[in-house]
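Okay, so here's the structure we're looking at.
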Amino acid sequence: MGKTMGRRVITIGRQYGSNGHEIAKKLSERLGIHYYDKELIKIAGEMQNITYEELLKVDEKRANPWRYPVEDDVQMSKQFRFEPMNDVLFYTQMEIIKDLARKEDCIIVGRCANDILKGCEGCRSVFIHAPFEKRVETIMQRASIDEREASLLIKKIDKQRRYYYNYFTDLRWEDMTQYDLCLNSGSISEEQILDVLAALYESIL
């Protein structure tokens, strides 16, 4: 992809429970631009003629290297028999992300978007993180579960996202040096984060 995109794009990586999704949603409302999170799965499903529910199972997960994923009928179809559904979704979303960055100002959540759009002049990458205990409190409240369940869920989803990102990018998901801006949502208020990200967006020429 060329470096002169002509559109302003903010990519947001996030630890589970750091409220990255909510921040992306509110930032899109403030800026009047679209944000793409699970909407990318729907678009990919339409392109590949695969149901949203099937793709949701492998969203932001790498394929299991120890077994061949043949449990689902769609995986056994001639079109996808020799490619894990995880890979189908990733490479389809990659093309969607590149196309979106060419066509419109937007916010893209997760999906290795910072690496996919690396080198694009109009793209800024952000990583939202928070202390583990803060994230536990957030998930306990959000999912109405106890502290142990929240802790296990955070570790599970963070692990999935880490393996997915590291696998498809050959980089380290939580290596802060690869992002343009890293923000701690545990110590900076949501409103302050939105102010910073709005200013970042407006600063892109």
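The values are calculated or read from the model by the stated rules, or taken from the named source; none is laboratory data. From a predicted model like this one, the values you see are computed outputs, not experimental measurements. Note that we place each Cβ from the backbone using ideal geometry, even for glycine, and neighbour counts take in every protein chain shown. In case anyone asks, the SASA skips ligands and DNA or RNA and just uses the protein heavy atoms, side chains included. Shrake-Rupley method; radii C 1.70, N 1.55, O 1.52, S 1.80 Å.
The table that follows gives values for the structure above.
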item: Mean Kyte hydropathy of -1.0 or more with a Cα span along the axis of at least 24 Å, helices from DSSP in the chain; result: 85-103
item: Sequence of H34, H129 from largest to smallest accessible area, 1.4 Å probe; result: H34, H129
item: 5 angstrom amide H check on Y36, placed H, neighbours 5+ away; result: I107, I108, V109
item: Violating pairs (Cα-Cα greater than 26 angstrom) within the set K98/K156; K57/K103; K57/K98; result: K98/K156; K57/K103
item: Which of V88, V58, S187, positive extreme of dipole for the chain (C-beta unit charges); result: V88
item: Solvent accessible area, Å² - C106, 1.4 Å probe, full protein context; result: 0
item: Given the chain, longest segment not containing exposed loop trypsin sites (Lys or Arg not before Pro) (DSSP; at most 11 other Cβ within 10 Å); result: 82-205
